[in-house]
1. Report the extension gain between V338 and R139 in nm, rounded to one decimal, defined as 0.36 nm multiplied by the number of residues separating them, less their alpha carbon distance.
2. Each label point is 7 Å from the Cα along the Cα-to-Cβ direction; what then is the distance between the points at R272 and N16, in nm?
3. Expected output is a single nm value to one decimal: the length gained when fully extending between W191 and I24, i.e. 0.36 nm times separation in residues minus the C-alpha distance. What is it?
4. With each pseudo-label sitting 7 Å past Cα toward Cβ, what's the D103-T207 distance in nm, one decimal?
5. What's the exposure ranking of S281, S162, S62, going from fewest to most Cβ atoms within 10 Å?
6. Taking the alpha-carbon distance from K265 and a cut-off under 23 Å, which lysines remain once sequence neighbours fewer than 8 residues away in the same chain are dropped?
7. Quickly estimate the mean residue ellipticity at 222 nm for the chain, helices only: each DSSP H run with n ≥ 4 gives -39500 (n - 2.57), and the total goes over all residues, rounded to 500.
8. Taking other Cβ within 10 Å of each residue's Cβ, how do V94, V313, V57 sort, fewest first?
Amino acid sequence: MKFEAIAREAVHLDPNDNLARRSIPNEIRRDPLTGRTARICHFRDLIWKKPDLDQLVAGTESWCPFCPDKVFKVTPCFPEEIIPEGRMTLGEKVLFPNIAPYDRLSAVATLGDRHYIPMTEIEPGRIADGFRLAIKYFRHLEDMQHPESVYHLISWNYMPASGSSILHPHYQVFASAFAPNFLREKLEAAWDYAEKHGSNYWDDLVTAEKATAKRYLGKIGRTQWLTVFAPLGAVGDVTAVVPNISSTLQLTDQDLDDLALGLTKLMAAYDRMGIYNFNMSFFSGAVEDKHARFHLVFSPRIYFNPSIGTPDVAALGRLFGESVCMGFPEEINAKLKVEFE
Ligand SMILES: [Zn+2]
């Protein structure tokens with residue numbers, strides 16, 4: 001396992017110090033699986049000021065399609081050949097077709113009746129039950145042998161900086177025969193790795209990260225939690241790997257509880273940095289993909305300039321696909337690790 005980091009520096013003459021030479025370090029890191037690079041740069045204190053969230057939320061309930069008075073009236077239904085009842089439910093949680101589908105089987109699942117839940121108040125049981133509802137849908141597609149029932153993916157965009165247009169907590173749920181780019185790249189690279197090394201990349205990654213402990217967070221049940229060496233996110237990414245399984249369909253009930261608990265630990269830790277937006281996605285292979293391992297990625301989101309709503313992805317990230325992380329993942333790990341001890 002090769003964790004390649006190329007340390008570099010930029011020199012400038014500092015106008016605040018009589019034009020003295022000033023050296024600013026940065027680093028280019030290469031993901032050990034895909035070779036994709038990430039920049040560790042733009043260093044700053046990893047603390048942000050939250051806006052008045054009550055003010056942000058105020059009034060959004062009146063037009064929210066996911067609130068209990070509207071969800072069964074304004075959200076679409078599946079056609080009878082997919083789900084005869086139209087929608088699926090689990091307690092107060094409701095799953096229905098995505099009104100802006102990006103594939104044949106795009107769905108949305110609400111996480112219950114509460115319109116806005118502060119990040120640190122989202123209960124593990126609510127998160128796990130949302131997973132259960134999505135998996136109920138996936139199993140239904142699997143039982144009907146739907147041709148798109150190959151990759152079973154759950155994503156969560158929480159709060160506006162994540163790309164979410166609705167504050168009411170909900171998942172994006174879809175099954176597809178077409179893996180999105182990063183999933184496909186990871187699956188192909190893990191296949192190549194298995195061919196070359198005769199072992200599973202993700203198993204080797206967990207072993208290597210546990211050995212150095214620099215980015216290892218801990219274990220919940222059998223789920224293994226790590227900060228990512230070359231992250232996509234501006235404040236690092238965390239991955240949770242579930243050993244021995246490749247697909248979402250193979251997650252046990254206990255795994256769902258453990259993944260949900262781990263996510264709440266990350267939310268608690270990132271909240272202390274003033275962060276209140278995140279993306280989360282499942283990365284699932286097909287059941288028969290022995291080279292794959294089920295893992296999820298949690299990636300906090302920020303505004304580069306909150307006062308004018310500047311997002312944390314600019315041309316470098318959007319057009320070059322190069323990510324910027326504003327702290328060393330090992331330092332971010334230390335801030336998160338307290339939750340796992
Ligand atoms: Zn709502």
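FYI, it's all coordinate maths here, none of it is from the lab. Because the structure is a prediction, the values reported are computed rather than measured. Cβ atoms come from the backbone with ideal geometry, glycine included; neighbour counts cover every protein chain shown.
1. Numbers: separation 199, 0.36 × 199 = 71.64 nm, distance 3.64 nm.
Going from the current span to full extension adds 68.0 nm.
2. Between R272 and N16, the simple spin-label model gives 2.7 nm.
3. Working: separation 167, 0.36 × 167 = 60.12 nm, distance 3.84 nm.
Gain on stretching W191 to I24: 56.3 nm.
4. Spacing of the two 7 Å Cα→Cβ label points: 3.2 nm.
5. Working: S281 20, S162 17, S62 9.
With the fewest neighbours first, S281, S162, S62 line up as S62, S162, S281.
6. K49, K50, K93, K210, K214, K219, K335, K337
7. Details: 8 runs with 91 residues, N = 341.
Using -39500 (n - 2.57) per qualifying helix, the result is -8000 deg cm²/dmol.
8. Working: V94 22, V313 18, V57 14.
Taking fewest neighbouring Cβ atoms as first place, the list is V57, V313, V94.
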